Every structure is written in C-alpha cells, then in structure tokens.
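Accompanying notes for the structure given below.
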Amino acid sequence: MVLNKNPIHHKSPLHLAIDALTSGGIIAYPTEAVFGLGCDPQNETAIKKLLEIKKRKKEKGLILIAANIDQLAPYIQELDADTERRVLPTWPGPTTWLLPAKSNVSEFLRGKHKTIAVRVTNHPLAKQLCKSWGNALVSTSANITSEPAAHSAENVKIIFANNVDYCLEGNVGDLARPSQIRDGHTGKIIRH
C-alpha cells in the first residue's frame, strides 16, 4: 500500500475566513443580530472595497468588533475612569460605543468623526473569529446601504454574489435589531 505523501489539508471554516482576511479579502460572518461584513482594519484597500460593495459613504465610519478590549487598544485612546465605568460593564455584549479614536486611525474607519465605533462582541462565532485572527475586525451589517441586512449565509450570497471572498456560516444571535450605539462620553443612545 502506498501512502499519499502530500495529503490535502482541509482547513476549518474559521481558518478559511482568516486566510481571506490575511489576503485582503472581505468576509461575511454572523453577529448578535445580523450577518456582518468584515475585513482587516489595518488594510485600507480592503476597507475601500468593503465600502464600495456596500455603497456606503466613507464619512459615516465603520464599527470594529473584538474578542476583548486589548484588541481595541490600537484604535482607541485610553479611557478615563468615568468612561470605563460606563463602557466596561456592557462588554462583552451587544452595545457598540463611540470612543475617542487614536490620531493614526484611518478616516476610512472613523469617517468624519474623532471617535470610532467599537464593541467587544459576545457572539460565540464572531468572538472566536476575532480571537483566532488576533485582532479587531471591521464589522458592518451585510447589506447594501438602506437595504435590509442579511440574516443568513444564503442571504449574503444572494445580496453580494462574488463580492465577498468568504462567508463564515453560522447562526445570528437573538437580538431583533443591530447593536445599540452609545456615546462613550455621555452615555447617550445614538442608535437603538
């Protein structure tokens, strides 16, 4: 019997998603309420492509999700004690906070704002994706701007066809609407 000396290594879906991110691709993945579109937040070419396929204006900015607050450190200024008391008890969880962005954060991420929208996710697959990736991830709802967001991998494929490099299949969380967005400085709810 002859053994195959070069067996084909089958990668897990998580590793295929990370391969796509590493090569500058756009991925889709489930989040707390809807499927998200993501890319490497350090790759401006990928961010521009994501904005283009969503037909989203760069001035609006994008959300970053992370497995833990340490993954957000390259993007946000150090939090003062009041902001920490407001933000940290809500994470991990479905609340997105607008926090002061570091000066070197791309305007393609923060838009026209001095803040950046960030969340430590509690969605098991999205959290594992960030943990395995080792970095925060761009997270914007998987839709064409003003259109309904995708709630399944099948929806993503219908909406984006070949514009998404990899779709990580899984179930969205049980939130009825995308994450609440709040102002980190005041606590004010910006989006319900």
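The values are calculated or read from the model by the stated rules, or taken from the named source; none is laboratory data. For clarity, every value in this text was computed on a predicted model and none was experimentally measured. So basically every Cβ, Gly included, is an ideal-geometry build from the backbone, and we count neighbours across all protein chains shown.
Return the residues of region 149-171 that are outside any helix (DSSP H, G or I), modelled with pLDDT under 95 and farther than 24 Å from G93 by Cβ; say none if nothing qualifies.
none
Here's the yes/no breakdown for (1) at pLDDT 95 or above; (2) among the polar types (S, T, N, Q); (3) at negative phi:
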site	(1), (2), (3)
T90	yes, yes, yes
L99	yes, no, yes
F108	no, no, yes
V120	yes, no, yes
A136	yes, no, yes
G173	no, no, yes
I190	no, no, yes
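So Q42 passes all but one of these: (1) under 16 Å from F160 (Cβ atoms); (2) out of contact with any strand residue (DSSP E or B) (no Cβ under 9 Å at 6 or more places or on another chain); (3) not small (G, A, S). Which condition number does it fail?
For Q42, the failing item is (1).
Assess whether A28 counts as being in contact (Cβ under 8 Å) with a residue 24 or more places away in the chain, of a type in the set (G, A, S) and either part of a helix (DSSP H, G or I) or surrounded by fewer than 22 Cβ atoms within 10 Å (Cβ to Cβ) (or both). Please lay out each step first, then the result.
Numbers: in contact (Cβ under 8 Å) with a residue 24 or more places away in the chain: yes; of a type in the set (G, A, S): yes; either part of a helix (DSSP H, G or I) or surrounded by fewer than 22 Cβ atoms within 10 Å (Cβ to Cβ) (or both): no.
Spelling it out, it is not the case that A28 is in contact (Cβ under 8 Å) with a residue 24 or more places away in the chain, of a type in the set (G, A, S) and either part of a helix (DSSP H, G or I) or surrounded by fewer than 22 Cβ atoms within 10 Å (Cβ to Cβ) (or both).
Which condition does K55 not pass, out of (1) touching a Cys at 6+ places or on another chain (Cβ under 9 Å); (2) loosely packed, with under 15 Cβ neighbours inside 10 Å, if it passes all the others?
(1)
Find the residue count for region 62-71, including only residues that are within 21 Å of I26 (Cβ to Cβ) and either in a helix (DSSP H, G or I) or more than 19 Å from the chain's Cα centre (by Cα) (or both).
The total comes to 1.
Would you pick out the residues in region 8-24 that are more than 18 Å from Q128 (Cβ to Cβ) and either among the β-branched types (V, I, T) or within 13 Å of the chain's Cα centre (by Cα) (or both)?
Going through region 8-24, the residues more than 18 Å from Q128 (Cβ to Cβ) turn out to be 8-10, 23-24.
Matches in region 8-24: I8 only.
Of all residues in region 137-150, which are under 15 Å from the mean Cα position of the chain (by Cα) and farther than 14 Å from I63 by Cβ?
Filtering region 137-150 down to residues under 15 Å from the mean Cα position of the chain (by Cα) leaves 137-143, 149-150.
Correct list: A150 only.
Kindly indicate whether any position in region 169-186 is out of contact with any Gly (no Cβ under 7 Å at 6 or more places or on another chain) and closer than 23 Å to G24 by Cα. Talk me through it step by step, then tell me what you get.
Looking only at region 169-186, we keep the residues that are out of contact with any Gly (no Cβ under 7 Å at 6 or more places or on another chain), and these are 169-186.
Filter once more, keeping what is closer than 23 Å to G24 by Cα: 169-170.
The answer is yes; a qualifying residue exists.
Evaluate region 137-145: report whether one residue or more is within 24 Å of P89 (Cβ to Cβ) and either of a type in the set (S, T, N, Q) or touching a helix residue (DSSP H, G or I) at 6+ places or on another chain (Cβ under 9 Å) (or both). Full working, then the answer.
Within region 137-145, the subset within 24 Å of P89 (Cβ to Cβ) is 137, 139.
From what's left, either of a type in the set (S, T, N, Q) or touching a helix residue (DSSP H, G or I) at 6+ places or on another chain (Cβ under 9 Å) (or both): 137, 139.
Taking every residue of region 137-145 in turn, at least one turns out to be within 24 Å of P89 (Cβ to Cβ) and either of a type in the set (S, T, N, Q) or touching a helix residue (DSSP H, G or I) at 6+ places or on another chain (Cβ under 9 Å) (or both).
Failed condition for I181, given (1) in a loop (DSSP other than H, G, I, E, B); (2) surrounded by fewer than 20 Cβ atoms within 10 Å (Cβ to Cβ); (3) of a type in the set (A, V, I, L, M, F, W, C), with all others met?
All conditions pass for I181, except number (1).
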